[in-house]
Amino acid sequence: MINVVLYEPEIPQNTGNIMRTCMAFNCRLHLIEPLGFYMDEKHLRRAGMDYTKKLDYTIYPDWESFLEKNHGAFFFSTRYGKKAPDAFDYKEIQEDIYLVFGKESTGIPKEILKNHLDTCMRIPMVSEARSLNLSNCVAIVVYEVLKQLSYSGLSSVEVIKGEDFLLQ
């Protein structure tokens, strides 16, 4: 199972978009407090739309509480990482995959990252760019993992209007 972990997310629209992404890609979402918003805030609901009813997510009071309940292969997205997301071989992993993303303003704390230097990743970009939007980063990294796993469990055809909709 692919798990997306948001460490102290601050912007409700980003989290709402990530909730939608997690639901669409069948990922479990983990939110680590404090959150910079209320889960019932209108912007969060709008970005997450009605997908939040179908989303598997858990909120934890802190990093330690999260670690007590979750075990697997952890990968950390940080501007300080030295490997691209595709440098890891996710298909060889036999346990849950956890993709950890930090808060929008400061990222993942150095105290956490320094214990996981070998699984820190950076999305390659021009040197003048400090970072990308959090929800975009989640989508990029999750999609790389899904690509390596051959999009297991995901539909490759339109199911709502039918796969032959364009032929009608």
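No lab work stands behind these numbers, since they all come straight from the coordinates. Please read these numbers as outputs of a predicted model, since none were measured by experiment. Note that we place each Cβ from the backbone using ideal geometry, even for glycine, and neighbour counts take in every protein chain shown.
With respect to E163, determine if the residue is acidic (D, E) and part of a loop (DSSP other than H, G, I, E, B). It would help to see each step written out before you state the result.
Details: acidic (D, E): yes; part of a loop (DSSP other than H, G, I, E, B): yes.
In short, yes.
Check the range 83-97 and report whether any residue there is in contact with a Cys (Cβ under 8 Å, 6 or more places away or on another chain), touching a residue at least 12 places away in the same chain (Cβ under 8 Å) and more than 21 Å from E10 (Cα to Cα). Don't jump to the end; show me each part of the working.
Here is the first cut: in the range 83-97, the ones in contact with a Cys (Cβ under 8 Å, 6 or more places away or on another chain) are 83.
Filter once more, so that each one left must be touching a residue at least 12 places away in the same chain (Cβ under 8 Å): 83.
Filter once more, so that each one left must be more than 21 Å from E10 (Cα to Cα): 83.
Looking for residues that are in contact with a Cys (Cβ under 8 Å, 6 or more places away or on another chain), touching a residue at least 12 places away in the same chain (Cβ under 8 Å) and more than 21 Å from E10 (Cα to Cα), one finds at least one in the range 83-97, hence yes.
Just checking, does the range 134-144 include any residue being of a type in the set (A, V, I, L, M, F, W, C) and over 21 Å from C22 (Cβ atoms)? So that I can check it myself, show each step before the final result.
Within the range 134-144, the first condition is being of a type in the set (A, V, I, L, M, F, W, C), and the residues that meet it are 134, 137-142.
Still in the list and also over 21 Å from C22 (Cβ atoms): none.
Scanning the range 134-144, I find no residue that is of a type in the set (A, V, I, L, M, F, W, C) and over 21 Å from C22 (Cβ atoms), so the answer is no.
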